[in-house]
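See structure below.
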Amino acid sequence: MMRTPTLRLEHQAIMSGNALYNDLSGYYDLMCADIDYQAQSHCVHRLQQLFGNGGRRHLDLACGTGPHVRHFIDAGYSGSGLDINQPMLDRAVMRCPEAQLSRQDMCAFTVDGPQDLITCFLYSIHYSGGIDRLKACIASVHRALAANGLFCFNAVDKHRIDNASFVTHSARHDDCLFRFSSGWNYAGQGERQSLKLRIERSVAGETQVWHDEHPMVAVSFDELQTLLQPYFEVHVFEHDYEKLIPWSGTSGNALFACVRR
């Protein structure tokens, strides 16, 4: 999911964040071309079998163009998702026409009935932006879950962020070459961190470059568990979708599986 960012387009006029994502929503899947959606979805399905209530009512927060929703539907779940970006949801409708999709804020959402499994992939929990909104998101999830329902998401610990570390990949679409780079940045104090993105689009010898910075909530894993524990029984795993390994206490990325109390 992409939330309304502050955007600068090099060599051209300044644009709003929505202009970027309205323009590039069709290429969003290219930005995530190196993500194994099937492995992520299967891992969470296993967690639902191990820790959850075994039910098949699924809601994906910040669902974007719907790749996770698609995998869960194919695995026998009733599919639903929400996102605040309408162009992303328009793509999700094409991918998952049978799903219930809605434009909502994940920090203040409602559902028609209780859910057995709620997911929030791709570190999207951090789009809450601040601690108060993160608390509201957690409370909204708790209200939406059925008894013993499961909330699964991944997160990054603010104290273990390497500001110099970036992930980069390239992908082609039609005649265009896209290059995407992303990295976390934390100033060392406070409840805000940022996700920095650089997007290049090259075609016919010309290159457009966007620099994009998303405001995100910064939280340590100790703080996050403290926020979750009044609502959930919390299990923390290493950020490995192939193997379920308890979190070592040292790595900066983790997968959270939270059972509704």
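Convex hull volume of the C-alpha atoms in the chain, normalised per residue: 122 Å³.
Think of segment 118-182 as having a plus end and a minus end, set by charges on the Cβ of Lys, Arg, Asp and Glu; of 142, 181, 122, 142 sits farthest toward the positive end of this dipole. Computed over protein heavy atoms with a 1.4 Å probe, the accessible surface of segment 129-225 works out to 47 Å² per residue. Sequence-distant contacts, meaning Cα pairs under 8 Å at least 6 residues apart, place the relative contact order of the chain at 19 percent. Here the gap between residue 229 and residue 110, fully extended at 0.36 nm per residue and compared with their Cα-Cα distance, gives a gain of 40.7 nm. Would you mind telling me which residue in 195, 177, 122 has the biggest mean-square fluctuation in a Gaussian network model of the chain, where springs connect alpha carbons within a distance under 10 angstrom? Largest GNM mean-square fluctuation: 177. Out of all DSSP beta bridges with both ends in the chain, state the antiparallel percent to the nearest 5. Antiparallel bridges: around 75 percent, rounded to the nearest 5. Considering all C-alpha pairs of segment 206-249, those separated by over 13 Å amount to 71%.
For segment 173-244, the share of accessible area belonging to carbon and sulfur comes to 43 percent (1.4 Å probe, ligands and nucleic acids excluded). Extents of segment 108-167, taken as max minus min of Cα coordinates on every principal axis and listed largest first, are 44, 21, 16 Å. Annotation: peptides 63-74, 138-149, 197-208, 224-235, ranked by per-residue average of other Cβ atoms within 10 Å with the highest first, follow the order 63-74, 138-149, 224-235, 197-208.
The values are calculated or read from the model by the stated rules, or taken from the named source; none is laboratory data. Owing to the predicted nature of the structure, the values given are computational and were not obtained by experimental measurement. Here Cβ is always computed from backbone atoms with ideal geometry, including for glycine, and neighbour counts include all displayed protein chains. Side chains included, ligands, DNA and RNA excluded: accessible areas come from the protein's heavy atoms. Shrake-Rupley method; radii C 1.70, N 1.55, O 1.52, S 1.80 Å.
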